[in-house]
1. Given the condition surrounded by 12 or more Cβ atoms within 10 Å (Cβ to Cβ), more than 23 Å from ALA28 (Cα to Cα) and in contact with a His (Cβ under 9 Å, 6 or more places away or on another chain), answer yes or no: does some residue in segment 63-85 qualify?
2. Name the residues in segment 109-120 that are surrounded by fewer than 16 Cβ atoms within 10 Å (Cβ to Cβ), under 15 Å from the mean Cα position of the chain (by Cα) and not hydroxyl-bearing (Ser, Thr, Tyr), would you?
3. Residues being surrounded by 12 or more Cβ atoms within 10 Å (Cβ to Cβ), under 18 Å from SER27 (Cβ atoms) and either out of contact with any Gly (no Cβ under 8 Å at 6 or more places or on another chain) or of a type outside the set (D, E, K, R) (or both): count how many of those fall in segment 43-62.
4. Yes or no: segment 117-126 includes at least one residue that is farther than 25 Å from ARG143 by Cβ and modelled with pLDDT of 95 or more.
5. Where in segment 40-154 are there strands (runs of 3 or more DSSP E), lying fully within it, with 2 or more residues that are free of Cβ contacts under 8 Å to residues at least 40 places away in the same chain and of a type in the set (D, E, K, R)?
Amino acid sequence: METTAKAAVGEGDYENPWTYQGTTFTSADIDGQFGFVYRITNLHTGQKYIGRKYFIQKRKPRGGGRRRTSESNWKQYWGSSKELNADRKRLGSDTFSREIISTHATAGRVNYEETKQLFLHNVLQETLEDGSPKYYNSNILGRYYRKDYFKEEC
């Protein structure tokens, strides 16, 4: 309920907002969390993408100086899949849903949970009814690749 009220005053106003447990997720909801694991779903095809994103970014200013911590671009983030982003540009952002699966207090926990979800959902081998890949994910950890595990139905 509180999240919905925040969204009404403009805090949650961003294109195709992330949802978490059924409500729009805003900057106020970060509450000390370092990052999140998410699922993006193509509403036309059912194809999905699982990934992670940090709420925080640390940047070193030009010319040296101390690193500065600020909020990342998580509200506008759409994942690193070229195939997903090509579909999003072709079909429009409103053709996709963006859901936060879980939030975590440390980078290590975010990374662990993403890897766990990728294996639990068998993203390299699962297929849609037409035999095409169910997930946009093409690899896990840059070590396990869909091309090595995905067998297209003939």
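1. Initially, segment 63-85 is screened for residues surrounded by 12 or more Cβ atoms within 10 Å (Cβ to Cβ), giving 71-72, 74-75, 77-81, 83-85.
From what's left, more than 23 Å from ALA28 (Cα to Cα): 80-81, 83-85.
From the residues that got through so far, the ones that are in contact with a His (Cβ under 9 Å, 6 or more places away or on another chain) too are none.
No, segment 63-85 contains no residue that is surrounded by 12 or more Cβ atoms within 10 Å (Cβ to Cβ), more than 23 Å from ALA28 (Cα to Cα) and in contact with a His (Cβ under 9 Å, 6 or more places away or on another chain).
2. Within segment 109-120, LYS116 is the sole residue that qualifies.
3. Residues flagged as surrounded by 12 or more Cβ atoms within 10 Å (Cβ to Cβ), under 18 Å from SER27 (Cβ atoms) and either out of contact with any Gly (no Cβ under 8 Å at 6 or more places or on another chain) or of a type outside the set (D, E, K, R) (or both) within segment 43-62 amount to 4.
4. no
5. Numbers: elements: 48-54, 56-59, 68-71, 96-104.
Hits in segment 40-154: 56-59.
The values are calculated or read from the model by the stated rules, or taken from the named source; none is laboratory data. In this text the structure is predicted, and so the values were computed from the model without any measurement. We place every Cβ from the backbone using ideal geometry, glycine too, and count neighbours over all the protein chains shown.
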